[in-house]
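J.: Would you mind keeping the following structure in view while I ask a few things?
Derivation of every value follows stated rules applied to the coordinates shown; laboratory data play no part. Source: prediction; values computed, not measured. All Cβ positions, glycine included, derive from the backbone under ideal geometry; neighbour counts span all protein chains shown.
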Amino acid sequence: MPTKTKSRVKEKRKTRKQTSKLPELLAFDQSILTDFPADTRLIGIDEVGRGSCVGPIYAAAVCFPKILETIFLELLTELNDSKQVSAAARKQLCSTLQTHCVYGVGIAQKEEVDEHNVYHASLLASYRAYQNVLNTLKQPDGNGTLLLLDGKALLPGVELNKQKAIIKGDGRSAVIAGASIIAKHLRDQQIIAWAKDYPGYSWETNMGYPTPTHKRAILELGPTPLHRIHYKAVREAQIALF
């Protein structure tokens, strides 16, 4: 590699480190743990897809390793709320998190969103992700762990002293940000795959969210079996068709 090119690469890495939000995210998690036993493991949970009118809600739960090795932290330099991270960076971060962390994914299918409503379906997906992580940690009762959830809602069925709701947590907590990265990347990949089966709705770019292009496609082509029947854009299309 030419000397000038090496220099540019080093400079970019230095800039990323200087602007990284990772130290702030990790410090927040550490501050949460000050009121708990030293060996408490944090589990972050976030979900994606609530505002989409297509397909399932994905939730992810992430528990960082006990020892944060340098290589792991270097690979997490760009960690942040998944909405603030590029698709390419999310892919790399997701791979890093899946390799180094204990994680679990929970899914509430489109039919469950239609049946229970989006709020309860998101809690269902989150609970499934949480249980998957506890099973991997071999701590099914959650003892020795503290759950951090993005938003205001707590998980039904989980003891209050074992969970905390953190408003805008995906931009404040490292473990919640990690969960948001995994959930969004995996859901996006599924929606992009489905876009090939249902061309014309631009799911590969809008991820099923009701953008003007997507809403126009629903009116022109009609809803697909993957559309959530109670969402406004879908209901309006059904009324127009009949």
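J.: Add -39500 (n - 2.57) for each DSSP H run of 4 or more in the chain, then divide by its residues: what number comes out at 222 nm, to the nearest 500 deg cm²/dmol?
T.: After summing the helix terms and dividing by residue count, I get -16000 deg cm²/dmol.
J.: Also: Principal axis lengths of the stretch 92-207 from Cα atoms, whole Å, largest first?
T.: Principal extents (Cα only, largest first): 48, 35, 27 Å.
J.: Here is a follow-up. Distance from the Cα centre of the stretch 109-125 to that of the stretch 192-242, in angstrom?
T.: 19
J.: Over 32 Å between C-alpha atoms is what I'm after, so list which of 91/138; 83/164; 21/196; 66/196 land there.
T.: Cα-Cα > 32 Å for 21/196; 66/196; rest within.
J.: Over the stretch 14-64, what portion of Cα pair distances is larger than 12 Å, expressed as a whole percent?
T.: 75
J.: How do 71, 192 rank when sorted from fewest to most other Cβ atoms within 10 Å of their own Cβ?
T.: 71, 192
J.: Taking a ≥ b ≥ c as the square roots of the eigenvalues of the Cα gyration tensor of the stretch 23-92, is the shape rounded (a/c under 1.5), prolate (a/b larger than b/c) or oblate?
T.: oblate
J.: Let me ask you something else. By DSSP, what percent of the beta bridges with both residues in the chain are antiparallel, rounded to the nearest 5?
T.: About 60 percent, rounded to the nearest 5.
J.: Something else about it: Kindly identify the stretch 69-151 as rounded, prolate or oblate by the Cα gyration tensor criterion: order the square roots of the eigenvalues as a ≥ b ≥ c, call it rounded if a/c is under 1.5, otherwise compare a/b with b/c, prolate if a/b is larger, else oblate.
T.: oblate
J.: Same structure again: Can you give the FRET efficiency for residue 197 and residue 95, using 1/(1 + (r/R0)^6), R0 = 30 Å, r = Cβ-Cβ distance, to the nearest 0.05?
T.: Once rounded, the FRET efficiency stands at 0.70.
J.: Pick from 77, 40, 19 the residue whose mean-square fluctuation is largest in a GNM of the chain, springs joining Cα atoms under 10 Å.
T.: 19
J.: Using alpha-carbon positions, what is the distance between the centroids of the stretch 128-152 and the stretch 38-87, in Å?
T.: For the stretch 128-152 versus the stretch 38-87, the Cα centre distance is 14 Å.
J.: Additional query: Could you compute Rg(Cα) / (2.2 N^0.38 Å) for the stretch 141-206, with N its residue count?
T.: So the Cα radius of gyration is 1.50 times the expected 2.2 N^0.38 Å.
J.: Report, to two decimal places, the Cα Rg of the stretch 172-212 normalised by 2.2 N^0.38 Å (N = number of residues).
T.: Scaled against compact globular proteins, the figure is 1.39.
J.: Tell me the Kirkwood radius of the stretch 3-197: reciprocal of the mean inverse pair distance over distinct alpha-carbon atoms, in Å.
T.: Taking every pair of different Cα atoms in the stretch 3-197, averaging 1/r and inverting gives 17.2 Å.
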